[in-house]
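Novice: Below is a structure I'd like to ask you about.
The values are calculated or read from the model by the stated rules, or taken from the named source; none is laboratory data. None of these values were measured; they are calculated from a predicted model. Counting neighbours? That spans all protein chains shown, and the Cβs are built from the backbone with ideal geometry, glycine included. Heavy atoms of the whole protein, side chains included, go into the accessibility calculation; ligands, DNA and RNA do not. Shrake-Rupley method; radii C 1.70, N 1.55, O 1.52, S 1.80 Å.
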Amino acid sequence: KRINDSFGHDNGNLYIKKMYEMLDRAFPQSPIFRIGGDEFVVIAEGSEKENCTRIVQELKDEMEKMSKDRSLEPWEMVSTAIGIAEFDRAADSGVDDVFRRADQAMYEDKSTMHAGRE
């Protein structure tokens, strides 16, 4: 929304495309879904599932580098909060339970990101 409001919808679309491209490079074997606005879901599979925490940290490191690269336009500096959740057959009745936990983890990550900016 900040990119759309400040720099126009075309640049907002470029921002979303850049985020997707980063996710696609990080998770080339796993399906990626845009579920609205700038929100994406990755269904990590195989070795990407096993290495999800490391892959996410690498994404966050890449975004941190972008935030310091003054040669990039604002819509090229992707930054996002990330939440990870895994389906638990014993605790989850369906995908909504997993999404709820991932969403909660994403909001916790977002709070951490904002606290680091203060």
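Novice: Is it the case, given these coordinates, that Asp5 is under 14 Å from Ser79 (Cβ atoms), out of contact with any His (no Cβ under 8 Å at 6 or more places or on another chain), part of a helix (DSSP H, G or I) and free of Cβ contacts under 8 Å to residues at least 12 places away in the same chain?
Specialist: No: the conditions fail for Asp5.
Novice: Moving on to the next point. For the range 48-76, enumerate the residues that are among the hydroxyl-bearing types (Ser, Thr, Tyr) and open to solvent by less than 80 Å² (accessible area, probe 1.4 Å).
Specialist: Ser67
Novice: Kindly indicate which of Ser47, Ser93, Ser71 is under 22 Å from Tyr15 (Cα atoms) and either small (Gly, Ala, Ser) or in contact with a strand residue (DSSP E or B) (Cβ under 7 Å, 6 or more places away or on another chain) (or both).
Specialist: Of Ser47, Ser93, Ser71, the one residue that is under 22 Å from Tyr15 (Cα atoms) and either small (Gly, Ala, Ser) or in contact with a strand residue (DSSP E or B) (Cβ under 7 Å, 6 or more places away or on another chain) (or both) is Ser71.
Novice: Of the numbered conditions (1) hydrophobic (A, V, I, L, M, F, W, C); (2) within 13 Å of the chain's Cα centre (by Cα); (3) assigned to a helix (DSSP H, G or I), Ile82 fails exactly one; give the number of that condition.
Specialist: The single condition Ile82 does not satisfy is (3).
Novice: Do we have any residue at all in the range 43-54 that's closer than 23 Å to Asp5 by Cα and outside any helix (DSSP H, G or I)?
Specialist: Within the range 43-54 (the criterion being closer than 23 Å to Asp5 by Cα and outside any helix (DSSP H, G or I)), the answer is no, since none of the residues qualifies.
Novice: So, one more: Just to check your reading of the model, which residue among Ile43, Ile3, Ile84, Ile32 is touching an Asp or Glu at 6+ places or on another chain (Cβ under 8 Å) and hydrophobic (A, V, I, L, M, F, W, C)?
Specialist: Sole residue among the options that is touching an Asp or Glu at 6+ places or on another chain (Cβ under 8 Å) and hydrophobic (A, V, I, L, M, F, W, C): Ile32.
Novice: Could you please let me know if Ser30 is modelled with pLDDT of 90 or more and either touching a Cys at 6+ places or on another chain (Cβ under 6 Å) or among the hydroxyl-bearing types (Ser, Thr, Tyr) (or both)?
Specialist: yes
Novice: Now for a different question. Inside the range 8-20, can you point out the residues that are more than 14 Å from Leu72 (Cβ to Cβ) and open to solvent by 50 Å² or more (accessible area, probe 1.4 Å)?
Specialist: Of everything in the range 8-20, those that are more than 14 Å from Leu72 (Cβ to Cβ) and open to solvent by 50 Å² or more (accessible area, probe 1.4 Å) turn out to be His9, Asp10, Asn13, Lys17, Tyr20.
Novice: Being outside any loop (DSSP other than H, G, I, E, B) and among the β-branched types (Val, Ile, Thr) is the filter here; which residues of the range 55-79 pass it?
Specialist: Passing the criteria: Ile55, Val56.
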